[in-house]
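Below is one structure, written out as structure tokens, with a few remarks after it.
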Amino acid sequence: MTQKEWPLWEVFIRSKQGLDHKHVGSLHAADAEMAIQNARDVYTRRLEGVSIWVVESTNVHASNPDDAAAFYEPANDKIYRHPTFYQVPDSIKHM
Amino acid sequence: METLELTQEEQFQARIDADVRIEPKDWMPDAYRKTLIRQISQHAHSELVGMLPEGNWITRAPSLKRKSILLAKVQDEAGHGLYLYSAAETLGASRDQMLADLHSGKAKYSSIFNYPTLSWADMGCVGWLVDGAAILNQVPLCRTSYGPYARAMVRVCKEESFHQRQGFEIMQTLCEGSPEQKAMAQEGLNRWWWPTLMMFGPADADSPNTAQSMNWRIKRFTNDELRQKFVDMMVPQAEFLGLTVPDPNLKWNEAKQGYDFGDVDWEEFWNVVKGNGMCNKERLQARVQAHEEGAWVREAALAHAEKRKQREAVAA
């Protein structure tokens, strides 16, 4: 018996109003509707969520960890982007 | 020049030693990947097969409350299996292949589920002892070096503690009941104690892969260390219940601040691992049957999704 696997979906859950959706894992489902229903059963059995996103895993494009050093290097030497770079006289308040 | 440069493998080990988590797309040695796939899929299989001995009691639970709890627990185990399979898939393993390996007998699952659940007290013992042992194994894995595995384990551990407590509550209720009920609890403990001690795996001297797994931080304590912890944890709980641990050699050792206990019957252990336990055939058969009988559902759902996609494409 040769049978095609159901596609893989990545699951993102908003745990409560006001917070971002966060990646929680993945699951297999035949379509998006089933993926959302399965995600409810697999990832929110204890009220962990108020909203679910599913994305077919093949549609996720990711940066390459091997390039991480060069890729994030431009931010490395720009300490002036942080407030602690600047010296504020002690007598100045509310800054 | 060459002496200063670390090999890829040395860099990898340095990250592990610094407690940096490894993520799916990071470089990793083949052996690390293979060991993890084996360990995680075995763990997932155990959750899946673990539903069977308890599923056996859902229709026989003594009250609606116990039935609801047992249903929720078995559903959690299906969930735990799914978290773990998806963690293994991030390493490149395919779900179908993992299931095929389980069904062909190539892949192993925890031997504890090859013992029968004969009385209601066994539901207590499975929760209290078996899940208690599982928690000891699993809590350290929340800090394991592979990110998706560690995250899955955090989720599993959160849910597992309900499992253990409901098991203890079953035992406590039996122990506070009639003499027959208390005898049933003792009889359950008598049968489950030793198989539970075997859950931690062979003695350290017979576990050649432990050192490498500890180096990679996919295992954080040795089998014997965890077994000792378990005994020290459970004996006072058995005493509280008024039950006797079935080990004539069990004795408090003041010097080591832990219990000395008798030898596990390793011949029995290996015999069950090799497939000759009381329920090996029955469990595997039930799994294969469920999988085969569900095949038409999987095919139909896929066909339905395909048809709907085409219909939407035409409409657009």
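Could you grab the relative contact order for region B:242-316? Cα pairs under 8 Å, six or more apart, rounded to a whole percent.
For region B:242-316, the relative contact order is 13 percent.
Using a Cα-Cα cut-off of under 30 Å, which lysines could be cross-linked to B:LYS307, ignoring same-chain neighbours fewer than 8 residues away?
The reachable lysines, counting only those whose Cα sits under 30 Å from B:LYS307, are A:LYS4.
Could you tell me the extents of region A:1-60's C-alpha atoms along the three principal axes, largest first, rounded to whole Å?
So the three principal-axis extents are 46, 24, 16 Å.
In degrees from 0 to 90, rounded to the nearest 10, what is the angle of the helix A:32-43 Cα long axis to the longest principal axis of chain A?
Once rounded, one gets 70 degrees.
Two-decimal Rg/Rh of region B:163-269 from alpha-carbon positions, Kirkwood Rh?
My calculation puts Rg/Rh at 1.03.
Restricting attention to the alpha-carbon atoms of the protein assembly as shown, what are Rg (one decimal) and Dmax (integer), both in Å?
Gyration radius and largest Cα-Cα distance of the protein assembly as shown: 24.9, 81 Å.
Going through the cross-link list A:LYS22/B:LYS73; B:LYS106/B:LYS281; B:LYS34/B:LYS108; A:LYS78/B:LYS25, which pairs have a Cα-Cα distance over 18 Å in this structure? Don't jump to the answer; show the numbers that get you there.
Details: A:LYS22/B:LYS73 25 Å; B:LYS106/B:LYS281 13 Å; B:LYS34/B:LYS108 15 Å; A:LYS78/B:LYS25 28 Å.
From A:LYS22/B:LYS73; B:LYS106/B:LYS281; B:LYS34/B:LYS108; A:LYS78/B:LYS25, over 18 Å: A:LYS22/B:LYS73; A:LYS78/B:LYS25.
Can you tell me how chain B classifies by the Cα gyration tensor, rounded, prolate or oblate, using a/c under 1.5 as the rounded cut? Show your work: numbers first, answer last.
Numbers: a/c = 2.07, a/b = 1.17, b/c = 1.76.
Here chain B falls in the oblate category.
Can you spot the lysines whose alpha carbon is less than 23 Å from B:LYS67's alpha carbon? Ignore those fewer than 8 places along the same chain.
Of all the lysines, those that pass the test against B:LYS67 - Cα under 23 Å, at least 8 places apart if same chain - are B:LYS158, B:LYS182.
How many nm is it between the label spots at B:LEU118 and B:GLN97, if each spot is 7 Å from the Cα in line with the beta carbon?
Using points 7 Å along Cα→Cβ, the separation is 4.2 nm.
Sort B:CYS157, B:CYS125 by Cβ crowding within 10 Å, fewest neighbours at the top. Could you put the intermediate results ahead of the total?
On the way: B:CYS157 17, B:CYS125 27.
Fewest to most other Cβ atoms nearby, the residues stand as B:CYS157, B:CYS125.
Give the residue from B:ILE112, B:TRP193, B:ALA78 lying farthest towards the positive end of the charge dipole for chain B; charges sit on Cβ (+1 for Lys and Arg, -1 for Asp and Glu) and the dipole is referred to the Cα centre.
Looking along the dipole axis, the top candidate is B:ALA78.
What does the charge count around B:SER119 come to, taking other residues whose C-beta lies under 15 Å from its C-beta (Lys +1, Arg +1, Asp -1, Glu -1)? Write down the numbers at each step before the final one.
Details: positive: B:ARG60, B:ARG66, B:LYS182, B:ARG191; negative: B:GLU54, B:ASP122, B:GLU180, B:GLU187.
Counting the neighbours of B:SER119, the net charge comes to 0.
Compute the relative contact order of region B:113-240 as a whole-number percentage, counting only Cα pairs closer than 8 Å that sit 6 or more residues apart in sequence. It would help to have the intermediate numbers written out before the result.
Working: 122 pairs, mean separation 41.5, N = 128.
Normalised by residue count, the contact order of region B:113-240 is 32 percent.
Where does the charge balance sit around B:TRP128 when Lys and Arg score +1, Asp and Glu -1, over other residues with C-beta under 10 Å from its C-beta? Write out the running numbers ahead of the final one.
Numbers: positive: B:ARG165; negative: B:ASP131, B:GLU169.
Around B:TRP128, the charge tally is -1.
Between the alpha-carbon centers of region B:163-242 and region A:56-95, tell me the distance in whole angstrom.
49 Å
Give a quick list of GluC sites (Glu not before Pro) in region B:210-262 that DSSP marks as loop, anything other than H, G, I, E or B, with at most 16 other Cβ atoms within 10 Å. Don't jump to the answer; show the numbers that get you there.
On the way: sites: B:GLU225, B:GLU239, B:GLU254; in loops: B:GLU254.
Of the GluC sites (Glu not before Pro), the ones in loops of region B:210-262 whose Cβ has at most 16 other Cβ atoms within 10 Å are B:GLU254.
What chymotrypsin sites (Phe, Trp or Tyr not before Pro) in chain A are in a loop by DSSP, with at most 13 other Cβ atoms within 10 Å of the Cβ? Let's see the in-between values first.
Values: sites: A:TRP9, A:PHE12, A:TYR43, A:TRP53, A:PHE71, A:TYR72, A:TYR80, A:PHE85, A:TYR86; in loops: A:TYR72, A:TYR86.
Here the chymotrypsin sites (Phe, Trp or Tyr not before Pro) that fit, given the DSSP loop and packing criteria, are A:TYR72, A:TYR86.
Picking from A:VAL24, B:ALA205, B:ALA183, whose Cα lies most toward the positive end of the charge dipole for the protein assembly as shown (charges on Cβ: Lys, Arg +1; Asp, Glu -1)?
A:VAL24
With a cut-off of 8 Å between alpha carbons and a minimum separation of six or more residues, what is the relative contact order of chain B in percent? Display every interim value, and only then the final one.
Working: 321 pairs, mean separation 58.9, N = 316.
Normalised by residue count, the contact order of chain B is 19 percent.
Suppose we flag trypsin sites (Lys or Arg not before Pro) only when DSSP calls them loop and at most 14 other Cβ atoms lie within 10 Å. Which is the longest uninterrupted stretch of chain B?
B:107-255
State to the nearest 20 debye the size of the charge dipole of chain A about its Cα centre, where the only charges are +1 on K and R beta carbons and -1 on D and E beta carbons. Could the numbers behind the result be given before it?
Numbers: 10 positive and 13 negative charges, 109 e Å.
That gives chain A a dipole magnitude of about 520 debye.
If you place +1 on the Cβ of every Lys and Arg and -1 on the Cβ of every Asp and Glu, how big does the dipole about the Cα centre of the protein assembly as shown come out, in debye to the nearest 20? All intermediate terms of the calculation are to be shown ahead of the outcome.
Numbers: 47 positive and 56 negative charges, 268 e Å.
Using only the charged Cβ atoms, the result is roughly 1280 debye.
Values in this text are rule-based calculations from the coordinates and carry no lab data. This structure is a prediction, so every number in the text was calculated from the model and none was measured. Positions of Cβ are generated from backbone atoms using ideal geometry, with glycine treated the same way; all protein chains shown enter the neighbour counts.
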